[in-house]
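J.: Have a look at this one.
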Amino acid sequence: MDNPVTHRELEQFKELMESENDRLKEENDRQNHRINNLEESIKEISNLTAATQKLADNMENMLKVQEQQSNRLAQIENRDGEKWRKAMAYIGTAILGAVLAIVFAKIGL
């Protein structure tokens, strides 16, 4: 051993290592805090994604129901229109038959 380590050098090295260990511990704590924040953000994003998907599914179902209701409404509107047209056709036929009956009675047929 050509250069023995003095007690003072050993204490200085010990202090240096302790300060370096403290610095590394603080850095680890900061990194752990950042990781925890990122994990929370990821959870929130996952929840938001799930909620968005659920909303999209609900809107798709609402669109299907709205299309069904629109088709039913069109059928109801057409049914009333068809009844009206049939009634008008019967009334028109009756009036035409009455007019032809009068005309034929005048002619003498």
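J.: Among the numbered conditions (1) under 24 Å from the mean Cα position of the chain (by Cα); (2) assigned to a loop (DSSP other than H, G, I, E, B), tell me where residue 58 comes up short.
T.: (2)
J.: Are any residues in region 1-11 open to solvent by less than 100 Å² (accessible area, probe 1.4 Å), assigned to a helix (DSSP H, G or I) and not charged (D, E, K, R), and if so, which ones? Working first, answer last.
T.: The initial filter retains those residues of region 1-11 that are open to solvent by less than 100 Å² (accessible area, probe 1.4 Å), namely 4, 6, 9-11.
Subsequent filtering for residues that are assigned to a helix (DSSP H, G or I) retains 9-11.
Correct list: 10 only.
J.: Say whether the condition of being open to solvent by 100 Å² or more (accessible area, probe 1.4 Å) and of a type in the set (A, V, I, L, M, F, W, C) is met by at least one residue in region 67-81.
T.: Scanning region 67-81, I find no residue that is open to solvent by 100 Å² or more (accessible area, probe 1.4 Å) and of a type in the set (A, V, I, L, M, F, W, C), so the answer is no.
J.: Tell me, yes or no, whether region 24-33 has at least one residue that is open to solvent by 100 Å² or more (accessible area, probe 1.4 Å) and among the hydrophobic types (A, V, I, L, M, F, W, C). Let's see the steps before the verdict.
T.: Initial filter on region 24-33 (open to solvent by 100 Å² or more (accessible area, probe 1.4 Å)): 25-26, 30, 33.
Add one more test, that the residue is among the hydrophobic types (A, V, I, L, M, F, W, C), and what stays is none.
Within region 24-33, not a single residue is open to solvent by 100 Å² or more (accessible area, probe 1.4 Å) and among the hydrophobic types (A, V, I, L, M, F, W, C).
The values are calculated or read from the model by the stated rules, or taken from the named source; none is laboratory data. Note that the structure is predicted; figures quoted are calculated from it, not measured. Surface accessibility is based on the protein's heavy atoms, side chains included, excluding ligands, DNA and RNA. Shrake-Rupley method; radii C 1.70, N 1.55, O 1.52, S 1.80 Å.
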